[in-house]
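Enquirer: Shown below is the structure under consideration.
The values are calculated or read from the model by the stated rules, or taken from the named source; none is laboratory data. None of the values given here were measured: they were computed from a predicted structure. Note that we place each Cβ from the backbone using ideal geometry, even for glycine, and neighbour counts take in every protein chain shown.
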Amino acid sequence: MKRVVITGQGTINALGHNVAQTQDALREGRCGIGPLDIRDVDRLSIRIGGQVRGYDAEAGFNRQQIALYDRFTQFTLHAAREAIEQSGLTFTDALSLKSGVVLGTAGGGVNTWDENYRSVYEEGKNRVHPFVVPKLMNNAAASHVSMTWNLRGPSFTVATACSSSNHAMGQAFNFIRAGMAPVMVTGGAEAMLCFGGIKAWEGLRVMSKDACRPFSANRNGMVQGEGAAVFVFEELEHARARGAQILAEVIGFAMNSDASDIVMPSMRGAAQAIAGAVADAGVALEDVGYINTHGTGTAANDKTECSAVAEVFGPHADRLMISSTKSMHGHLIGGTGAVELLACIMALRDGIVPPTIGYEEPDPECALDVVPNEAREARVDVALSNSFAFGGLNAVLALRRF
């Protein structure tokens, strides 16, 4: 099997408009969650989120593009541009024909849905823009990335709720590992922070009104975020041949289904996915130094995930560092695993493990090293990134310091 490395990364999220800004915020334990600035926020009971501040669509796109790109597509293209520029790749000839795009999103063009439902139902208009469908469809971002950078190989979108990005990146990893593509552009995006998006989530009663406090005994729910992160996955020898900078190596992936409940997580399913990723990576349990957890800040998720980690790692669980960066950037639903991979790469490359901020009270059911409130300097050789979605769809990636 081929070895797979990461040669480019890009992002825009509540912590920053690029990777450098985001990783600085992760090091500092800075919170990007704050009051929402959206239409009709006064009609919502949830009024906080990890919103992208200071974003100017016109700085990156012309009027015709903005009319065609939903906010989640704009975020994806913004992040992809940074990642592909860092990789130094130009997709022409055979490389263009074989390289592709796999992206994750749960909601796709939610802003477009919201705007046009409002136009038809509230304002009474009888027509919508002719490009509403191509703007809102979940594969819009993947299609525009492929068209913008001439990527003609396997390209599609994965939608598995909160695991969408990890499932997408896992597929990209497998394509390269199997020799089906030399390069894959992969990651995910989400932009649900609009009236309709928040109102729908309010009904689940899993949202916090004040803060995201993963693993803390007084946690009271998740906080949504928005943004994108995109990576260039590349076959190792292809990267070496052109002298590319290598950020990290992707060494394992596992996915499974709880097959039990549409919203409640399963410890058994999570544990099997974690153990599967470690086995696929071919490393010992003791080699894993850090896990970026799913860590949503809900009572059920956090204790279930900690139990799964303890189940898989046994005595080594007490020596592991785990953290939830959702406490800083919010839960990007389908895009969250992609943004969290930035934290894993930082831990592997820079030896900086990002913290779980907002941690106030120890919880006996989450009695692991959650790196509370302040980042930690530590050598990390192997890191895992966990994603556990509604519907019981789990996806775990394993990375190694290169």
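Enquirer: Would you point out the residue of segment 119-140, among those that are among the charged types (D, E, K, R) and free of Cβ contacts under 8 Å to residues at least 12 places away in the same chain, that is nearest to Cys194 (Cα to Cα)?
Expert: So in segment 119-140, the residues among the charged types (D, E, K, R) come out as 122-123, 125, 127, 135.
With the extra rule that they be free of Cβ contacts under 8 Å to residues at least 12 places away in the same chain, the set shrinks to 122-123, 125, 127.
Values: Glu122: 16, Glu123: 17, Lys125: 20, Arg127: 22 Å.
Per the stated criteria, the residue is Glu122.
Enquirer: Residue by residue through segment 135-152, note down the ones that are surrounded by fewer than 20 Cβ atoms within 10 Å (Cβ to Cβ) and over 17 Å from the mean Cα position of the chain (by Cα). Even if it seems obvious, please write down each step before you answer.
Expert: First, pick out the residues of segment 135-152 that are surrounded by fewer than 20 Cβ atoms within 10 Å (Cβ to Cβ): 137, 139, 143, 147-150, 152.
Result: Met137, Ser143, Met147, Thr148, Trp149, Asn150, Arg152.
Enquirer: Within segment 41-81, count every residue that is of a type in the set (Ser, Thr, Tyr) and farther than 18 Å from Trp149 by Cβ.
Expert: To start, the set of residues in segment 41-81 that are of a type in the set (Ser, Thr, Tyr) comprises 45, 55, 69, 73, 76.
Add one more test, that the residue is farther than 18 Å from Trp149 by Cβ, and what stays is 45, 55.
Total satisfying the criteria: 2.
Enquirer: Inside segment 319-342, can you point out the residues that are over 14 Å from Phe388 (Cβ atoms), crowded, with 24+ Cβ neighbours inside 10 Å and not hydroxyl-bearing (Ser, Thr, Tyr)? So that I can check it myself, show each step before the final result.
Expert: Pass one, segment 319-342, residues over 14 Å from Phe388 (Cβ atoms): 319-321, 323, 325, 327-330, 332, 335, 338-339, 341-342.
From what is left, the residues that are crowded, with 24+ Cβ neighbours inside 10 Å are 323, 325, 327-330, 332, 335, 338-339, 341-342.
Met328, His329, Gly330, Leu332, Gly335, Ala338, Val339, Leu341, Leu342, listed by residue number.
Enquirer: Moving on to the next point. Return yes when Thr325 is touching a residue at least 60 places away in the same chain (Cβ under 8 Å), more than 21 Å from Gln9 (Cα to Cα) and in contact with a strand residue (DSSP E or B) (Cβ under 9 Å, 6 or more places away or on another chain) and no when it is not.
Expert: Values: touching a residue at least 60 places away in the same chain (Cβ under 8 Å): yes; more than 21 Å from Gln9 (Cα to Cα): no; in contact with a strand residue (DSSP E or B) (Cβ under 9 Å, 6 or more places away or on another chain): yes.
For Thr325, the condition - touching a residue at least 60 places away in the same chain (Cβ under 8 Å), more than 21 Å from Gln9 (Cα to Cα) and in contact with a strand residue (DSSP E or B) (Cβ under 9 Å, 6 or more places away or on another chain) - is not met.
Enquirer: Being in contact (Cβ under 8 Å) with a residue 60 or more places away in the chain, under 25 Å from Ala300 (Cβ atoms) and among the aliphatic types (A, V, I, L, M) is the filter; apply it to segment 244-266 and report the residue that is surrounded by the most Cβ atoms within 10 Å (Cβ to Cβ).
Expert: Within segment 244-266, the match that is surrounded by the most Cβ atoms within 10 Å (Cβ to Cβ) is Ala254.
Enquirer: Here is a further query. Could you tell me whether segment 339-357 includes any residue that is in contact with a helix residue (DSSP H, G or I) (Cβ under 7 Å, 6 or more places away or on another chain), farther than 27 Å from Gly282 by Cα and outside the structural domain of Ala79 (by TED's automatic domain parsing)?
Expert: yes
Enquirer: Among the listed residues Leu68, Leu36, identify the single one that is surrounded by fewer than 24 Cβ atoms within 10 Å (Cβ to Cβ) and touching a Phe, Trp or Tyr at 6+ places or on another chain (Cβ under 7 Å). Lay out the reasoning, then the answer.
Expert: Working: Leu36 fails: touching a Phe, Trp or Tyr at 6+ places or on another chain (Cβ under 7 Å).
Going through Leu68, Leu36 in turn, just one is surrounded by fewer than 24 Cβ atoms within 10 Å (Cβ to Cβ) and touching a Phe, Trp or Tyr at 6+ places or on another chain (Cβ under 7 Å): Leu68.
Enquirer: Next up: Here are some residues: Gly108, Gly124. Which one is small (Gly, Ala, Ser), farther than 23 Å from Gln171 by Cα, assigned by TED's automatic domain parsing to the domain that holds Met169 and assigned to a loop (DSSP other than H, G, I, E, B)? I'd like the intermediate steps shown before the answer.
Expert: Working: Gly108 fails: farther than 23 Å from Gln171 by Cα.
Exactly one of Gly108, Gly124 is small (Gly, Ala, Ser), farther than 23 Å from Gln171 by Cα, assigned by TED's automatic domain parsing to the domain that holds Met169 and assigned to a loop (DSSP other than H, G, I, E, B), namely Gly124.
Enquirer: Please determine whether any residue of segment 258-273 is in a helix (DSSP H, G or I), out of contact with any helix residue (DSSP H, G or I) (no Cβ under 9 Å at 6 or more places or on another chain), modelled with pLDDT of 95 or more and aliphatic (A, V, I, L, M).
Expert: Pass one, segment 258-273, residues in a helix (DSSP H, G or I): 267-273.
Keeping just the survivors that are out of contact with any helix residue (DSSP H, G or I) (no Cβ under 9 Å at 6 or more places or on another chain) gives none.
The answer is no; no qualifying residue exists.
Enquirer: Which of the helices (runs of 4 or more DSSP H) found entirely inside segment 157-249 contain at least 3 residues meeting this: closer than 28 Å to Gly54 by Cα and within 17 Å of the chain's Cα centre (by Cα)?
Expert: On the way: elements: 164-177, 195-202, 236-241.
The helices (runs of 4 or more DSSP H) meeting that bar are 164-177.
Enquirer: Within segment 374-383, does at least one residue satisfy the condition of being surrounded by 24 or more Cβ atoms within 10 Å (Cβ to Cβ) and within 19 Å of the chain's Cα centre (by Cα)?
Expert: yes
Enquirer: Of the residues Phe175, Phe195, Phe233, which single one is outside the structural domain of Phe388 (by TED's automatic domain parsing), surrounded by fewer than 24 Cβ atoms within 10 Å (Cβ to Cβ), farther than 15 Å from Thr336 by Cβ and among the aromatic types (Phe, Trp, Tyr)?
Expert: On the way: Phe175 fails: surrounded by fewer than 24 Cβ atoms within 10 Å (Cβ to Cβ); Phe233 fails: surrounded by fewer than 24 Cβ atoms within 10 Å (Cβ to Cβ).
Testing whether each residue is outside the structural domain of Phe388 (by TED's automatic domain parsing), surrounded by fewer than 24 Cβ atoms within 10 Å (Cβ to Cβ), farther than 15 Å from Thr336 by Cβ and among the aromatic types (Phe, Trp, Tyr) leaves just Phe195.
Enquirer: Also: In segment 1-42, which residue that is without any contact (Cβ under 8 Å) to a residue 24 or more places away in the chain and not in a loop (DSSP other than H, G, I, E, B) is farthest from Leu341 (Cα to Cα)?
Expert: Our first condition is that a residue be without any contact (Cβ under 8 Å) to a residue 24 or more places away in the chain; within segment 1-42, this holds for 16, 20-21, 24, 34-35, 37, 42.
The next check asks that each one be not in a loop (DSSP other than H, G, I, E, B); those that pass are 16, 20-21, 24, 34-35, 42.
Details: Gly16: 15, Ala20: 14, Gln21: 15, Asp24: 15, Gly34: 23, Pro35: 26, Asp42: 34 Å.
Result: Asp42.
Enquirer: Same structure, new question: Quick check on this structure: which one of Val396, Val353, Val371, Val382 is in contact with a Pro (Cβ under 6 Å, 6 or more places away or on another chain) and at pLDDT 95 or above?
Expert: On the way: Val396 fails: in contact with a Pro (Cβ under 6 Å, 6 or more places away or on another chain); Val353 fails: in contact with a Pro (Cβ under 6 Å, 6 or more places away or on another chain); Val382 fails: in contact with a Pro (Cβ under 6 Å, 6 or more places away or on another chain).
Of Val396, Val353, Val371, Val382, the one residue that is in contact with a Pro (Cβ under 6 Å, 6 or more places away or on another chain) and at pLDDT 95 or above is Val371.
Enquirer: From the list Ser87, Ser99, Ser45, pick out the single residue that is buried (at least 16 other Cβ atoms within 10 Å of the Cβ), among the polar types (S, T, N, Q), farther than 23 Å from Gly227 by Cβ and touching a residue at least 40 places away in the same chain (Cβ under 8 Å).
Expert: Working: Ser87 fails: farther than 23 Å from Gly227 by Cβ; Ser45 fails: buried (at least 16 other Cβ atoms within 10 Å of the Cβ).
When all the criteria are applied, what remains is Ser99.
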